[in-house]
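The block underneath contains the structure these notes are about, expressed in structure tokens.
The values are calculated or read from the model by the stated rules, or taken from the named source; none is laboratory data. For clarity, every value in this text was computed on a predicted model and none was experimentally measured. Note: ideal-geometry Cβ built from the backbone for every residue, glycine included; neighbour counts use all protein chains shown. Note: areas computed on protein heavy atoms with side chains; ligands, DNA, RNA excluded. Shrake-Rupley method; radii C 1.70, N 1.55, O 1.52, S 1.80 Å.
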Amino acid sequence: PDDELWSAYFHHAAHLARRRACGFLQDWVAYEVSLRNALAVARARALQLEPTDYLVAPDLAQSETDFLPIINQWAEAPTPLAAQRLLDQARWDWLMEHDHWFSFADDELAAYTAKLMLIRRWHRLRQDEAESPPQGP
């Protein structure tokens, strides 16, 4: 059910991007689907499962991005939080490359919104870290 929900989400976003002619949103959907599917493949292989059973909206993925470096870093992260931060940094880097800064177009607003969502998550994670008790050795 979770994969179906994510698939519906990404297909709706892609449909909206086409309908509104929002190139940034189209590119973001392709990037995010590709990154999520690259992670799904890595997780499935690590668990000796069939990777294609865990792909979400593969028809929306892009093929030109090489996610292997970030997947390798993610797999070697010492904690799940460190792994999430690596993925979020990759997302941030992608947003910085595609934000159409000072274009005053809808794509710039969409990129700005995506950045705000990441910043909000980082703030919540830091807040959770500060409030959680220290971990033992």
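Taken as a whole, the condition of being among the β-branched types (Val, Ile, Thr) and modelled with pLDDT of 90 or more applies to Thr79.
If you check Gln89 against the conditions, is it in a helix (DSSP H, G or I), at pLDDT 95 or above, out of contact with any strand residue (DSSP E or B) (no Cβ under 7 Å at 6 or more places or on another chain) and under 25 Å from His123 (Cβ atoms)? Against the criterion (in a helix (DSSP H, G or I), at pLDDT 95 or above, out of contact with any strand residue (DSSP E or B) (no Cβ under 7 Å at 6 or more places or on another chain) and under 25 Å from His123 (Cβ atoms)), Gln89 does not qualify.
Taking the criterion of being part of a helix (DSSP H, G or I) and of a type outside the set (A, V, I, L, M), the residues of region 16-35 that qualify are Arg18, Arg19, Gly23, Phe24, Gln26, Asp27, Trp28, Tyr31, Glu32, Ser34.
For first residues located in region 46-61 and touching a residue at least 24 places away in the same chain (Cβ under 8 Å), partners that are of a type in the set (Phe, Trp, Tyr) and lie 6+ apart or on another chain with Cβ distances below 8 Å form the pairs Val56/Trp6; Val56/Phe10; Ala57/Trp6; Ala57/Phe10; Leu60/Phe10. Against the test of being under 28 Å from Arg124 (Cα atoms), open to solvent by 30 Å² or more (accessible area, probe 1.4 Å), in a helix (DSSP H, G or I) and of a type in the set (Gly, Ala, Ser), the options Ala38, Ala83, Ala13, Ala75 yield a single qualifying residue, Ala75.
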